[in-house]
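Single-structure report; data block below.
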Amino acid sequence: RELSRLTEELAGTRSERDDMNVNVQELMVTNKDNIKRIDELTTEKQTFAKQLDDSTRSVEALAESKDQLEHRIHDLQLVITSKEEELAKSQHCRDDLQDKFDALSSDNNEARTIIEKL
């Protein structure tokens, strides 16, 4: 009787052991799958981080280019203002020369009239 009870207990223990082995095998497969997924997520994260870093560098380069263009625009505006001032002076000189030419022409015409009368 004792032997029968021990045999049954042994059978039950073996069954529990077999169930545990199955559970351990399932957990090992799940663990491997989880490790694989972690590796995939890590790779995705690294790829994203690199893309983010590249984008950041691109934005910084664009900001630098924008600053350079703004400085160039400012410099060109100064040149344009200077040229506009030079143009205004030139037009004023031209107007003065035209007035002098007109006065000389008038004087020349008066001189001809006087000479013709003599």
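None of the figures in this text is laboratory data; all of them are computed from the coordinates on show. Bear in mind the structure is a predicted one, so any value in this text is a computation, not a measurement. Ideal geometry is used to build each Cβ from the backbone, glycine not excepted, and the neighbour counts take in all protein chains shown.
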Computed magnitude of the charge dipole of the chain (debye, nearest 20; Cβ of K, R +1, Cβ of D, E -1):
400 debye
Summing -39500 (n - 2.57) over every DSSP H run of at least 4 in the chain, dividing by its residue total and rounding to the nearest 500, the 222 nm mean residue ellipticity is -38000 deg cm²/dmol
Among LEU10, THR47, SER58, which residue has its Cα positioned farthest towards the positive end of the charge dipole of the range 7-118, with +1 placed on the Cβ of Lys and Arg, -1 on the Cβ of Asp and Glu, and the dipole taken about the Cα centre?
SER58
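Let me spell out the model: positive unit charges on the Cβ of Lys and Arg, negative unit charges on the Cβ of Asp and Glu, origin at the Cα centre of the range 49-118. What dipole size does that give, in debye rounded to 20? Display every interim value, and only then the final one.
Numbers: 10 positive and 17 negative charges, 35 e Å.
My answer is approximately 160 debye.
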Rounded to whole angstrom, the alpha-carbon centroid of the range 54-118 lies from that of the range 1-36 at a distance of 99 Å
Only loop residues by DSSP count here, and only those with at most 10 other Cβ atoms within 10 Å; note down the trypsin sites (Lys or Arg not before Pro) in the range 1-40 that meet that.
ARG1
For LYS45, which lysines qualify as cross-link partners when the Cα separation must be under 30 Å and same-chain residues fewer than eight apart are set aside?
LYS32, LYS36
Among GLU64, GLU26, GLU40, which one moves the most in a GNM of the chain with springs linking Cα atoms closer than 10 Å?
GLU26
With the dipole of the chain defined by +1 on each Lys or Arg Cβ and -1 on each Asp or Glu Cβ, the option from ALA88, LEU78, GLN68 whose Cα lies farthest towards the positive pole is GLN68
From the P(r) of the range 76-118, could you give the percentage of C-alpha pairs in the tail past 15 Å?
61 percent
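Could you pull out the trypsin sites (Lys or Arg not before Pro) across the range 61-118 that fall in loop regions by DSSP (anything but H, G, I, E, B) with no more than 13 other Cβ atoms inside 10 Å?
Answer by residue number: there is no such site.
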Quick check: the angle from helix 2-117's long axis to the longest principal axis of the chain, C-alpha only, nearest 10 degrees?
0 degrees
GNM, the chain, Cα, under 10 Å: largest mean-square fluctuation among GLU70, GLU16, GLU44?
GLU16
What dipole magnitude, in Debye to the nearest 20, does the range 5-53 give about its Cα centre under +1 on Lys/Arg Cβ and -1 on Asp/Glu Cβ?
160 debye
Scaled to the compact-protein estimate 2.2 N^0.38 Å, what is the alpha-carbon radius of gyration of the chain, rounded to two decimal places?
3.70
